[in-house]
Amino acid sequence: MFDLDLWREIFQSINKNRTRSLLSGFTVAFAILLFTILFGIANGLQNTFEQEFVDTASNSIFIMSGQTSIASEGLQAGRKIQFKNEDYDYIKEEFSDKVEFITSRVFKSVNASYKNEKNSYSLIAVHPDYQFVEKNIIKEGRYINQNDIENRTKVIVIGRLVEEDLFINESSIGKYINLNGIQYKVVGTFMDEGGDDEERIIYMPLTTAQHLYGNNDYIDQMNLTYSPDLNYEQALGFSNLLTRKLKSRFSVANDDQRGIRVFNMAEATQQVDQMTLGLTVIILVIGFGTLIAGIVGISNIMIFIVKERTKEIGIRKALGATPRSIVSIILIESILITAIAGYVGLLIGVGVLELIGSGLEVYFITNPGVNNSLVFGATITLVLAGALAGYLPAQKASQIKPIVALRND
Amino acid sequence: MLQIKKLHKSYPIGNTSLHVLKGIDLSVEEGEMVAIMGSSGSGKSTLLNIIGMLDEADSGEYILDGLLIKNLTEKKAAVYRNKFLGFIFQSFNLINYKNALENVALPLYYQGLKRKERQELAMFHLEKVGLTNWAHHLPKELSGGQKQRVAIARALAANPKLLLADEPTGALDSTTSHEIMAFIQQLNDEGKTILMVTHEEDIANMCKRIVRLRDGIIIEDKKINQIRAGQHV
Ligand SMILES: Nc1ncnc2c1ncn2[C@@H]1O[C@H](COP(=O)(O)OP(=O)(O)OP(=O)(O)O)[C@@H](O)[C@H]1O
Ligand SMILES: [Mg+2]
C-alpha cells in the first residue's frame, strides 16, 4: 500500500536535514563512483590484452624453418632447411584428425601500381585456409579459393588500406594491379582487426607465386589451426609430436632449436589467460575493497543518524508512534537516499569514463567501461548494507522506553 | 481515572541501585487537577513518567482507565499513549524541523487521521492557544511561552483523557507562567483530568489538590481551594 503520509514525513525529514542526507548520500555516491571508475579501468586493461590477440586464431601453430645449429645423422650444422609442398601435404595427411585449417605461406615484397598510384607492400602467397587462420574478414568479393591454387590464376586479394591507397574513390574489385611488372586481377578485399599493418597486405594463391617467382615448390612457413576440441594439454602434445616428426623427417637433431621451429599459440594464450585471471582477481579485490569501505561508511553514518534522532524518536513515541512506524521511517529514508546517491555515483562514474576513456590508450587502457548489472549489483549491496546498518539501531531505538530516548540530548 | 498501589521504582547506578519510589499509593478521579510537589530528586518526574507510560515501574499496580498497565508491548503502549495521554514537558520537546502546525498535527498522524482533518484540527488547537499567526513558524522562531503553548496544543490535539505536565512553567517567567496556567485551568474546567509536577507553591495553589513527595513516599495529599490564574494577572 502506498502511504502518502509516510512519504511526506520522509521527504520532509530528508529535506529539513540536508547535511545528514548529503553526508550519507555522499558516502554511497563516492563508493559507487570509485567502484565504477576502478572497474572501468580494469576492464580497459583487459580489453587491451584481448585486442592484442584477436586477429590470430588462438589455436594456431606456426611452423618455421632455418639453419640447423647441431650436426646430426652425419650432416653438418649450418644446413638450411627448406619446406616444400610435399611437407604441407605430409602434415595435412598425417594429422588430418587434429588439423582444422592449414596453409603454406610464401613471403615477398612487391611494388604495386594502379594508374598513377604506386606503393610497396608485403605479399603473402597462401592457401584458401589462410583466411580462417588469420581471421581475415572479407569486405568485398571473395578470398583465394582452391580453383586459384589448382590453376595458378593471377588473382589477388588486397587489404582495405591497399585499396584505399591505390584506388582513389573507386572499387578495386575486377581491376588489375601491376605487381613487379605482372598484372593481377583483384578478386576481393579484406579487413583485419589486428591493426593497420595487417590491412596493408596483398594475398595471392600459393601456386601462382611459386610458379612466377622462382618456378619451384618452396614454402617459407606453414600455419595451421588445430581442432578446437583439443584441450591445452592435448594441443601441446600435438605440437610436440609435430615437431618431433618434422625434425626426424629433415634429419634435424631433437635438441636443435633453429632448424625447425614450431610455435604454439596455446602457450601464448595460456599466458594471456593467466594475465586475465590476475586482472580479474585484482578487479575483484578492488571491487570488494571499495564495497566494504562503502558498507563500513554507510553503516557508521546510519548508526550516527539513529543516535542523532533518538530524541525525536522519544517524542514520536510519547505521541503514540508504534515501533514499526519508527523503523520504517528511518529505513525508507536511508534506502531512498542510498539508492538515489548510488545512482548518481554510477552516472558520474560512467560519465567520467566516457570523458577520459579515449585518452587512456597510452596507458594500455582500451574502451574502459563497466557492466551495468555489476554496478547496479554494487549499488543494491550498498543500499541493503545501509538498510541493514540502519535497521539494527532503528529497531533498538524503537524498543527503548520513551523516557530514555527523551533524556538523550 | 487512575489507581496506583504500592508502586516501587529504582534506578541502577553502577553496582548499587537508587530506590526512587518507595511504595506510592495514589488515586485520581476524572476531572481532578493535581499538583505533585516535592524537593528536587524526590521522584516527582519519575512518578509522572510512569503514569504517562513513558517509563515502567518495578513493582506495584497501576490501573489506567480500568486497564492494568503491565508488561505491555511497545505497540500496545503506543496506542494507549496516543489515545489516553497528553504530555507537556518542561523542555517542550517539539520536533525542531517541523513547524508549529506540523508539531501539533503529529499525534493526529499517529491516530491515522487524514491529512486534511489533521491540519484543520491542529489549526483549531493552535487557535485555542492563540498561535494562529505562528502556525508556520519553526520552534526556534518561537519564544519559550509560545513553544509551551504549541506543546499544549499538541498534547490536546489527540483529545486525551489525562493531561500530564512536568513543570510546564519551569522554563517560563511568572507572567507567561500564569497565562499558561490560566489555559490549563480552562482545560480542567472543560473536564480534562490534569496531573502536573511543579516546584512553585503559587502554581500548585492553582490546582485543586496537592500531593507532596519526599524521598519516594507521599507525605501529604490534600484538596485545596483553587486560585484562578486570572486573579494574579
Ligand atoms: N535514568 C535514571 N538513572 C538513574 N537515576 C535516575 C534516573 N532518573 C532519575 N534518577 C534519579 O532518581 C531520583 C528522582 O528523579 P526525578 O527526576 O524523579 O526527581 P524529581 O523529583 O523530578 O526532581 P526535579 O525536581 O529535580 O525534577 C533522582 O535522584 C535522580 O537522580
Ligand atoms: Mg523532575
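The values are calculated or read from the model by the stated rules, or taken from the named source; none is laboratory data. As the structure is a prediction and not an experimental result, all values here were calculated from the model. Here the Cβ positions follow ideal geometry from the backbone for every residue, glycine too, while neighbour counts run over all protein chains shown. The protein model used for the area step is the full one, side chains on, heavy atoms only, and it has no ligands, DNA or RNA in it. Shrake-Rupley method; radii C 1.70, N 1.55, O 1.52, S 1.80 Å.
Only residues in the range B:29-47 that are away from chain A (no Cβ under 14 Å) count as the first member; pair them with residues that are near ligand 1 (Cβ under 6 Å from one of its atoms) and not hydroxyl-bearing (S, T, Y), Cβ under 6 angstrom, at least 6 apart or cross-chain, and list the lot.
Note: pairs meeting the criteria are B:I36/B:K44; B:G38/B:K44.
Report, by residue number, each residue of the range A:211-237 that is surrounded by fewer than 21 Cβ atoms within 10 Å (Cβ to Cβ) and part of a helix (DSSP H, G or I).
A:H211, A:L212, A:Y232, A:E233, A:Q234, A:L236, A:G237
Of all helices (runs of 4 or more DSSP H) completely enclosed by the range B:138-233, which ones contain at least 2 residues that are among the basic types (K, R) and either away from ligand 1 (no atom under 16 Å from the Cβ) or out of contact with any strand residue (DSSP E or B) (no Cβ under 7 Å at 6 or more places or on another chain) (or both)?
B:144-157
Among the residues in the range B:91-105, are any within 14 Å of chain A (Cβ to nearest Cβ), more than 16 Å from ligand 2 (Cβ to nearest atom), in a strand (DSSP E or B) and open to solvent by less than 60 Å² (accessible area, probe 1.4 Å)?
No: the range B:91-105 contains no residue that is within 14 Å of chain A (Cβ to nearest Cβ), more than 16 Å from ligand 2 (Cβ to nearest atom), in a strand (DSSP E or B) and open to solvent by less than 60 Å² (accessible area, probe 1.4 Å).
Looking at B:I24, B:I51, which is the one that is within 14 Å of chain A (Cβ to nearest Cβ), in contact (Cβ under 8 Å) with a residue 24 or more places away in the chain and within 15 Å of ligand 1 (Cβ to nearest atom)?
Step by step, each of B:I24, B:I51 is checked, and only B:I51 is within 14 Å of chain A (Cβ to nearest Cβ), in contact (Cβ under 8 Å) with a residue 24 or more places away in the chain and within 15 Å of ligand 1 (Cβ to nearest atom).
Of the numbered conditions (1) surrounded by 20 or more Cβ atoms within 10 Å (Cβ to Cβ); (2) of a type in the set (V, I, T); (3) away from ligand 1 (no atom under 16 Å from the Cβ), B:V79 fails exactly one; give the number of that condition.
Just one mismatch for B:V79, condition (1).
Kindly provide the set of residues from the range B:111-144 that are open to solvent by less than 40 Å² (accessible area, probe 1.4 Å) and under 19 Å from the mean Cα position of the chain (by Cα), ordered by number.
Those that are open to solvent by less than 40 Å² (accessible area, probe 1.4 Å) and under 19 Å from the mean Cα position of the chain (by Cα): B:A122, B:H125, B:L126, B:V129, B:G144.
Scan the range A:235-279 residue by residue and report those that are without any contact (Cβ under 8 Å) to a residue 60 or more places away in the chain and either over 30 Å from A:E73 (Cβ atoms) or among the β-branched types (V, I, T) (or both).
Passing the criteria: A:T243, A:Q270, A:Q271, A:D273, A:Q274, A:L277, A:G278.
Could you grab the pairs with beta carbons closer than 7 Å, sequence gap of 6+ or different chains, first residue in the range A:306-320 and farther than 13 Å from B:Y97 by Cα, second one open to solvent by 10 Å² or more (accessible area, probe 1.4 Å) and of a type in the set (S, T, Y)?
Correct list of pairs: A:L319/B:Y110; A:G320/B:Y110.
Between a first residue in the range A:168-186 that is under 13 Å from A:I202 (Cβ atoms) and a second residue that is open to solvent by 40 Å² or more (accessible area, probe 1.4 Å) and of a type in the set (F, W, Y), which pairs have beta carbons less than 7 Å apart while being 6 or more apart in sequence or on different chains?
Filtered contacts from the range A:168-186: A:Y184/A:Y176; A:K185/A:Y176.
Would you point out which residue out of A:D197, A:D220 is under 30 Å from A:L161 (Cα atoms) and free of Cβ contacts under 8 Å to residues at least 24 places away in the same chain?
Criteria check complete, one pass: A:D197.
Among the numbered conditions (1) under 23 Å from A:N169 (Cα atoms); (2) open to solvent by less than 70 Å² (accessible area, probe 1.4 Å), tell me where A:K115 comes up short.
The one condition A:K115 does not meet is (2).
Hey, can you tell me all the residues within the range A:9-25 that are facing chain B (nearest Cβ under 8 Å) and either closer than 23 Å to B:L113 by Cα or assigned to a helix (DSSP H, G or I) (or both)?
A:E9, A:Q12, A:S13, A:K16
I want to confirm something. Restricting to the range B:57-75 and keeping residues that are facing chain A (nearest Cβ under 9 Å) and not in a loop (DSSP other than H, G, I, E, B), which single residue is surrounded by the most Cβ atoms within 10 Å (Cβ to Cβ)?
B:E74
Rundown of residues vs (1) within 14 Å of chain A (Cβ to nearest Cβ); (2) among the hydroxyl-bearing types (S, T, Y); (3) surrounded by fewer than 21 Cβ atoms within 10 Å (Cβ to Cβ); (4) touching a His at 6+ places or on another chain (Cβ under 9 Å), yes/no style:
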| residue | (1), (2), (3), (4) |
| --- | --- |
| B:A158 | yes, no, no, no |
| B:A165 | yes, no, no, no |
| B:G170 | no, no, yes, yes |
| B:D173 | no, no, yes, no |
| B:T176 | no, yes, yes, no |
| B:I180 | no, no, no, no |
| B:I184 | no, no, no, no |
| B:D189 | no, no, yes, no |
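Taking the range B:26-56 only, how many residues are away from ligand 2 (no atom under 16 Å from the Cβ) and surrounded by 21 or more Cβ atoms within 10 Å (Cβ to Cβ)? Talk me through it step by step, then tell me what you get.
Here is the first cut: in the range B:26-56, the residues away from ligand 2 (no atom under 16 Å from the Cβ) are B:26-33, B:53, B:56.
Among the residues that remain, those that are also surrounded by 21 or more Cβ atoms within 10 Å (Cβ to Cβ) are: B:33, B:53.
Residues in the range B:26-56 being away from ligand 2 (no atom under 16 Å from the Cβ) and surrounded by 21 or more Cβ atoms within 10 Å (Cβ to Cβ): 2 in total.
Pairs, please: C-beta under 6 Å, at least 6 apart or cross-chain, first residue touching a residue at least 12 places away in the same chain (Cβ under 8 Å) and in the range B:157-168, second aromatic (F, W, Y) and within 13 Å of ligand 1 (Cβ to nearest atom)?
Hits for this filter: B:D166/B:F89.
From the list A:V296, A:V327, A:V306, which residue is of a type in the set (V, I, T) and within 34 Å of the chain's Cα centre (by Cα)?
After applying the criteria, what remains is A:V296.
Would you say B:T193 is within 16 Å of ligand 2 (Cβ to nearest atom) and within 23 Å of B:D55 (Cα to Cα)?
When the stated conditions are applied, B:T193 does not pass them.
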